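Chemist: Sharing a structure here in structure tokens format.
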Amino acid sequence: MAAARYDVEKGGRNNGDGKPSPPPPGHLYPQRDGEREWVPWLVPLVVAVNIVLFAVAMYVNNCPAHAASSRRGGAGSCVARGFLHRFSFQPLSENPLLGPSSATLQKLGALVWDKVVREHQGWRLVTCIWLHAGVAHLLANMISLVLIGLRLEQQFGYVRVGIIYLVSGVGGSVLSSLFIRNNISVGASGALFGLLGAMLSELFTNWTIYANKAAALVTLLVVIAINLAIGILPHVDNFAHIGGFLTGFLLGFVLLMRPHYGWMQRYALPSDVKYTTKKYLAYQWALLAVASVLAVIGFAVGLGMLFRGVNANDHCGWCHYLSCVPTSRWSCGK
């Protein structure tokens, strides 16, 4: 059994002579001895639910029936009508992402500021996470969820990953509602950015266990920067991305804290050797406490401002550039 053990800090195997072999290339996120390795099922379930709900949205949308009764044209304007029939997509001029109409998305629970604040439909902060504007939107988010979520669930289990995913999605919805009033918002992007944020804080709080610390940090920061940069393009709700990322970043300190290297090393010691190192380090507890306070305050302030009808743009004249930066090639029309 000793030969099968992993060196906790370096990520390599113990060869039985007390000297661990070099870690395998690219082994940035090690699963360590003594830790349970979960079989991921929540992430595949979430993917399946999102696909089913998109099919439901297309069924409710029923483009041929609505297009036939529209004054603007006949049913032939629906995309793939001859193949998909009732499930055919809205005209590309209306929805280039191959999906349902805005009216259908609103009916099923899209995030709409007016309905959340004035009609007290706060449940839309949650339901919008499970809806997508089109096939392209759905595929991009679900592929990202599989790539990000499976590893997290395998290491930390479905409860913690599920909490981060859902709460981060709501955090993204809240920030989006504070800055965007004239457009509807749907999609799991905020929840996905929450998982990215949790990965970053998990790297910080569990710093001692990583073999290639710099490589892990740079890789993750590049991925986050690219995704946030895409968010400054028009018609992309970067506020949902930022809100989800910040929420997940704080929750990662709270929910993804792992025993440090020194404590896990006890597995490699003889059974008659008493090991007294504490399971968690002081800085881990400090990060947990600070992140918990900031998360509670952030949600309290954000929800309070939202349901009072506060327009965050009035308090931050430059913040709209976080979601769209106008250039000579495109504008950021309301």
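Read-outs: derived from the displayed coordinates by stated rules, not from any lab. All values derive from a computational prediction rather than experimental measurement. Ideal geometry is used to build each Cβ from the backbone, glycine not excepted, and the neighbour counts take in all protein chains shown.
Chemist: If you build the convex hull over the alpha carbons only and average its shadow over all orientations, what do you get for segment 40-195? Give it in nm² to one decimal.
Modeler: Details: hull surface 38.0 nm².
So the Cα hull casts an average projection of 9.5 nm².
Chemist: Kirkwood hydrodynamic radius, computed over distinct alpha-carbon pairs, for segment 98-148: how many Å, to one decimal?
Modeler: Numbers: mean 1/r = 0.0847 Å⁻¹.
Over segment 98-148, the inverse of the mean reciprocal pair distance is 11.8 Å.
Chemist: I would also like to ask the following. Averaged across orientations, what area in nm² does the convex hull of the alpha carbons in segment 108-265 project?
Modeler: Details: hull surface 38.3 nm².
Orientation-averaged projected area of the Cα hull: 9.6 nm².
Chemist: With 10 angstrom as the radius, rank 78, 316, 128 by how many other C-beta atoms surround their C-beta, starting from the fewest. Numbers along the way, then the final one.
Modeler: On the way: 78 25, 316 13, 128 30.
Final ranking by Cβ density, sparse to dense: 316, 78, 128.
Chemist: Would you calculate the separation in nanometres between label points at residue 94 and residue 313, each defined as 7 Å from the Cα along the Cα-to-beta-carbon direction?
Modeler: The modelled label-to-label distance comes out at 2.6 nm.
Chemist: Continuing with this model, one more query. Return an integer: the convex hull volume of the alpha-carbon atoms of segment 274-326, in Å³ per residue. Provide the component values of the computation, followed by the final result.
Modeler: Working: hull volume 6.7 nm³, N = 53.
Output value, Cα hull per residue: 126 Å³.
Chemist: With N residues in segment 179-257, what two-decimal value do you get for its Cα radius of gyration over 2.2 N^0.38 Å? Don't skip to the end; give the middle numbers.
Modeler: Numbers: Rg = 13.9 Å, N = 79, 2.2 N^0.38 = 11.6 Å.
Computed over Cα atoms of segment 179-257, the ratio equals 1.20.
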